[in-house]
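Reading through the structure tokens given below for one structure.
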Amino acid sequence: MPKKPGFSPEHAEPSVKLSARGVARLQGRHPWVYRSDVAEANDVPPGGLVRVLDLRGKFLGTALYSSSSQIAIRMISHGSVADLPALVAERIRAAIAYRKELVSNTDAYRIVFSEGDFLPGLIVDRYNDVLCLQILTQAMDATLVREAVLQTLREELQPAGIVERVDARIRELEQLPPLQSRQLWGEKSSTVFSMNDGVRFHYDGLEGQKTGAFLDQRENYAAAARYAHGEALDVFCYQGGFALHFSVNSAAHSALHPAAKCSSVIGVDSSRPALEMAEKNAALNGREMEWIEANAFDLLREYAAANRRYDTIVLDPPAFAKTKRDLEKALGGYKELNLRAMKMLRPGGILVTCSCSYHVGAADFFEVVADAARDAHKSFRVIENRGAAKDHPMLLNVPETSYLKCLILSVSN
Ligand code: SAH
């Protein structure tokens, strides 16, 4: 009979032995060990708890095992784990407590962020009274673990509904049976949420177009809104995150232009469904705004050629570098976008420029934006150098938890 995860390692004894390189990774406080660094795996069920040992058999801690992922080992504790569902419940409560301390002015935020909350493979987002769960690994998919997750979320947060968003590709990679996105608990799967002093958005967890928000940008919306002024262009606007903050957030006075708020905001995206939702979000906030469906590269080229000028421009493209191999091409893309935007800024203008590619490091991004400024023959002040919101915790020794870069720049001349 296959062993179930969650048993005490004293009773169930699956174990792995790591190569010296694998041990060094754990000593560096990184929770992942690749399959190539697993020297020996004994009797380990897919998704099971394993005792992690060095080559001599010295105990290093307890991990979640994946039989299919290149990341074979994800550490869950440097000690023994007697009861995985209980440990998961305890970590979820700790993650919720952390948000209570650090998150304010919003009813939408990430409650559990995988490694960042020491729960590898589990993501939970809150949109007001609806919770959205994502399960990314075999271990988190185990029935007893799922039950513990649901029960803890219900007890701690009393949601009106819990939905599961399924990424078919991830389930395939983890060799898990296919699943559809579905309601896990309660009736409610859509709602309205608000962030940063009341900018409101629709959320629909299951029907039609997925409307999950980029919650990692929440604090950056508020920061950018403090400097935004005049005529603004939100490029790669999705459902209007930055654009709506610029036109709705009346509490946010422009820090550099106290008299000015945005007089107009245009959102640009290539996805029609995203723009339709952006328009609905604008209506929800009592605003009418212009949304343009276009390829951002073509549009910026065209606007630059037509000598259009703006006071505030946001660039928040999708991850251009999905793998390390894409790095050069990705940098070329960032350079082009930033250069065009910089040329179009009026004196005193604000550029909010982002990258969510993990493979483009902060230093790479800084350099490519600086390169663009050189070619635009303009000097910029870095007003703020930002990352993801605090509900997306970053682990000091796990670079993969730090991926979002957001620079807020002002043109000095
Ligand atoms: N700024 C948004 C998130 C942007 S995500 C927010 O804060 O919510 C990236 C967006 O880029 C997606 O909405 C996607 O539809 C859009 N996109 C991707 N390629 C594009 C292109 N070439 N031109 C315009 N939009 C594009």
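The values are calculated or read from the model by the stated rules, or taken from the named source; none is laboratory data. Quantities reported herein were computed from a predicted structural model and do not represent experimental measurements. Note that each Cβ is placed from the backbone with ideal geometry, even for glycine, and that neighbours are counted across all protein chains shown.
For this structure, a couple of remarks:
- For N385: the one exception among (1) within 23 Å of R110 (Cα to Cα); (2) of a type outside the set (V, I, T); (3) touching a residue at least 24 places away in the same chain (Cβ under 8 Å): (3)
- Meets criteria (over 26 Å from the mean Cα position of the chain (by Cα) and more than 20 Å from K322 (Cβ to Cβ)) for K343: yes
- Within the range 55-76, being among the small types (G, A, S) and either within 15 Å of G121 (Cβ to Cβ) or surrounded by fewer than 16 Cβ atoms within 10 Å (Cβ to Cβ) (or both) holds for G57, A63, S66, S67, S68, S69, A72.
- Within the range 200-246, the residues that satisfy the criterion of being among the small types (G, A, S) and crowded, with 24+ Cβ neighbours inside 10 Å are G205, A224, A225, A228, A232, G240, G241, A243.
- Residues in the range 287-304 that are within 11 Å of the ligand (Cβ to nearest atom) and in a helix (DSSP H, G or I) were compared, and the one that is nearest to the chain's Cα centre (by Cα) is A296.
- All conditions in (1) surrounded by fewer than 19 Cβ atoms within 10 Å (Cβ to Cβ); (2) in contact with a Ser or Thr (Cβ under 8 Å, 6 or more places away or on another chain); (3) modelled with pLDDT under 95 hold for A255, with the sole exception of (2).
- Matching residues, the range 311-359, being among the hydrophobic types (A, V, I, L, M, F, W, C), in a helix (DSSP H, G or I), within 14 Å of the ligand (Cβ to nearest atom) and free of Cβ contacts under 8 Å to residues at least 60 places away in the same chain: A330
- Within the range 261-286, being assigned to a loop (DSSP other than H, G, I, E, B), buried (at least 16 other Cβ atoms within 10 Å of the Cβ) and away from the ligand (no atom under 15 Å from the Cβ) holds for one residue alone: K261.
- Taking (1) in a loop (DSSP other than H, G, I, E, B); (2) closer than 18 Å to S114 by Cβ in turn, Q134 satisfies each apart from (1).
- Just one of (1) of a type outside the set (K, R); (2) within 21 Å of M140 (Cα to Cα); (3) in contact (Cβ under 8 Å) with a residue 40 or more places away in the chain fails for G28. It is (2).
- Test: residue in the range 203-210 that is touching a residue at least 60 places away in the same chain (Cβ under 8 Å), assigned to a helix (DSSP H, G or I) and within 13 Å of the ligand (Cβ to nearest atom): no
- Residues in the range 2-25 that are part of a helix (DSSP H, G or I) and either modelled with pLDDT under 95 or among the basic types (K, R) (or both): R21, R25.
- Among (1) surrounded by 17 or more Cβ atoms within 10 Å (Cβ to Cβ); (2) of a type outside the set (D, E, K, R); (3) at pLDDT below 95 - the single one A168 does not satisfy: (1)
- Taking the criterion of being in contact with a Ser or Thr (Cβ under 7 Å, 6 or more places away or on another chain), part of a strand (DSSP E or B) and within 20 Å of L144 (Cα to Cα), the residues of the range 46-73 that qualify are L49, V50, R51, T62, L64.
- Among the residues of the range 211-236, those identified as within 13 Å of the ligand (Cβ to nearest atom) and either in contact with a His (Cβ under 6 Å, 6 or more places away or on another chain) or under 19 Å from E276 (Cβ atoms) (or both) are T211, G212, A213, F214, D216, Y221, A225, D234, V235, F236.
- Of all the numbered requirements in (1) within 22 Å of N220 (Cα to Cα); (2) in contact with a strand residue (DSSP E or B) (Cβ under 9 Å, 6 or more places away or on another chain), H359 misses one, and that requirement is (2).
- Residue within the range 235-243 that is modelled with pLDDT of 95 or more and part of a strand (DSSP E or B) present: yes
- The C-beta contact set for the range 222-237 (first residue farther than 16 Å from M289 by Cα, second residue part of a strand (DSSP E or B) and small (G, A, S), distance under 8 angstrom, 6+ apart or interchain) comprises Y227/S410.
- Scanning the range 83-104 for residues that are surrounded by fewer than 15 Cβ atoms within 10 Å (Cβ to Cβ) and assigned to a loop (DSSP other than H, G, I, E, B) yields one hit, S104.
- Considering residues of the range 30-43 that are at pLDDT 95 or above and part of a loop (DSSP other than H, G, I, E, B) only, the residue surrounded by the most Cβ atoms within 10 Å (Cβ to Cβ): P31
- Pick from the range 118-131, criterion out of contact with any Phe, Trp or Tyr (no Cβ under 7 Å at 6 or more places or on another chain) and in a strand (DSSP E or B), ranking: farthest from A94 (Cα to Cα): L131
- Boolean, N249 is on the phi < 0 side of the Ramachandran plot, crowded, with 21+ Cβ neighbours inside 10 Å and at pLDDT 95 or above: no
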